[in-house]
Amino acid sequence: MPGTLILGIESSCDETSAAVVRDGHEVLSNVVASQLIHSNYGGVVPELASREHLRAIVPIVREAMLRAGVVYSDLAAVAVTEGPGLAGALLVGISFAKALAFGADLPLIAVNHLEGHIHAVLMNNEFDKASPLLALVVSGGHTHLYLATRTHEQTWQYRNVGKTLDDAAGEAYDKVAKLLGLPYPGGPWMDALAAHGTADTTLFPFAQIKQKVTGNTAPKLARESAEALDDMRFDMSFSGIKTATRRYVELHKMQPAIAARERAFRDLGLHKAKPDATNLARALPQLDAETLNLIASFQNAVVKNLARSTFNAAQHYGARGILVSGGVAANSQLRQVFANMAATAGLPIAFPSIALSTDNAAMIAAAAWPKFLARHFAPDTLEPTPQLRLG
């Protein structure tokens, strides 16, 4: 079979995924099994996640190979997420990938999950000729800003120039959705319902975070060196918006209506449903105008907060393009706001397809491609690194 095929495996949280990707950009298959069991708890339970990965990993890899129409002897390498993520969940994917690579005599490539999200955008866009790029990775577990630079080996180097100081943006979405009695996962429901409310732009003011230089240098601004300025931070915060939403609910005594809504959603079978057109039409009669406006106000604050930090960082570092990735990159208002601001700033911007926004193995195989070309292979002693950083 022409081209170089890499099998990617992803198991960092609550999705078990396997994909076959040719030459780092052509997706031949991408199979994802989501763990709906966590909807009973309002969040991911690590022990349950590990058990579900154990059940799913073999059939998911088998299905990915079948859909791609390939056998193991057609592969050039196996790529797997080494971190960050849940230790037990990562261990399932890594153990399987190591055994498969050994049995099929294939090189093993370890991939940082965060870099995978960035390559979910790079694999389908011609940004590899521009450098540096400003990448926002925003999901339920991560909210980071990276300055991405192409190296002489044609791999990528990353420098973290901003992050959330507390909750990830997607985590704030899910927690507020649970607070308001919405189905799990809450982010997609919040996005769909926000369009039916009116945002109060004064309800959730931006968190005032003093952006400053980091490290051991602390001169006054007039004497700051170029090197110190190059370490400017563009950090964010979302726990305040979450807490303000809770206070609003308490002050306006919305708890009885929320409890009634949760019961109605269960009776309608919506507590584990996705917000497609049919389910949204069934859910809307259970929501009053005040709740819809609160959802719209929350989303407006989160999106504008993300946009402010991202575009300030892009301007400061002279980025030649912006990448937005991660589960929250599927948010419709975020895409519209970022696209409009990028057009005004004259910067190219790209998002992953909706299918590649959430955790998946295609992005892991794509991120492994430049490592394969540079012969950056993982040792036999590869182990999970739950707190792995990028850059």
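Select from Val20, Val31, Val337 the residue whose mean-square fluctuation is largest in a Gaussian network model of the chain (Cα-Cα springs shorter than 10 Å).
Sorting by GNM fluctuation, first place goes to Val337.
Could you derive backbone 3J(HN,Hα) for segment 161-174 from the dihedral phi with the Karplus parameters 6.51, -1.76 and 1.60 (θ = phi - 60°), listing whole Hz in sequence and x where the residue is Gly or Pro?
Each residue of segment 161-174 in turn: 10, x, 7, 6, 8, 8, 6, 5, 4, x, 5, 4, 4, 5 Hz.
Between exposed trypsin sites (Lys or Arg not before Pro) in the chain, where DSSP calls loop and at most 13 other Cβ atoms lie within 10 Å, what's the longest gap? Show your work: numbers first, answer last.
Values: sites that count: Lys210, Lys212, Lys220, Lys253, Arg375, Arg389.
Longest site-free region, per DSSP loop and neighbour criteria: 1-209.
Set the Förster radius R0 to 22 Å, insert the Cβ-Cβ distance between His376 and Gln157 as r into 1/(1 + (r/R0)^6), and round the FRET efficiency to 0.05. Mind showing how you got there, number by number?
Numbers: r = 13 Å, r/R0 = 0.57.
For His376 and Gln157, the calculated efficiency is 0.95.
Leaving out same-chain residues fewer than 8 places away, which aspartates and glutamates sit with a Cα under 17 Å from that of Lys253?
Qualifying aspartates and glutamates at Cα under 17 Å: Glu262, Asp288, Glu290.
Using a basic spin-label model with each label point 7 Å from the Cα along Cα→Cβ, how many nm lie between Ala99 and Glu63?
With each label point 7 Å from Cα toward Cβ, the separation is 1.9 nm.
Do you know the relative contact order of the chain, to the nearest whole percent, from alpha carbon pairs under 8 angstrom that are 6+ apart? Display every interim value, and only then the final one.
Numbers: 782 pairs, mean separation 106.4, N = 391.
Reported as a whole number, the value is 27 percent.
Under the Karplus relation 6.51 cos²θ - 1.76 cosθ + 1.60, θ = phi - 60°, what is the ordered set of whole-Hz ³J(HN,Hα) values for segment 63-77, x standing for Gly and Pro?
5, 5, 5, 5, 5, 6, x, 10, 10, 4, 5, 7, 7, 9, 6
Could you pull the Rg and Dmax for segment 161-350, using just the Cα atoms, both in Å?
19.0, 65
Looking at the square roots a ≥ b ≥ c of the eigenvalues of the Cα gyration tensor of segment 298-366, which shape do they give, rounded for a/c under 1.5, prolate if a/b is larger than b/c, or oblate? If you can, show how the numbers build up before the last one.
On the way: a/c = 2.07, a/b = 1.35, b/c = 1.54.
Here segment 298-366 falls in the oblate category.
Got a sec to turn the phi values of segment 322-329 into Karplus ³J(HN,Hα) couplings, 6.51 cos²θ - 1.76 cosθ + 1.60 with θ = phi - 60°, whole Hz, x for Gly and Pro?
Computed from phi, the couplings for segment 322-329 are 10, 10, 10, 9, x, x, 6, 5 Hz.
Below 8 Å between Cα atoms, with a sequence gap of 6+, how large is the relative contact order for segment 161-350 in percent? Intermediate results must be reported in sequence, preceding the final value.
On the way: 219 pairs, mean separation 61.9, N = 190.
This gives 33 percent for segment 161-350.
Using DSSP to call loops (not H, G, I, E or B), can you name the GluC sites (Glu not before Pro) in segment 61-155 whose Cβ has at most 14 other Cβ atoms within 10 angstrom?
Hits after loop and neighbour filter: Glu126, Glu153.
Every read-out reported here was derived from the displayed coordinates using simple, explicitly stated rules and does not represent laboratory data. Note that this is a predicted model, so its numbers are computed, not measured. For neighbour counting, all protein chains shown are included, and Cβ atoms are generated from backbone atoms with ideal geometry for every residue, glycine included.
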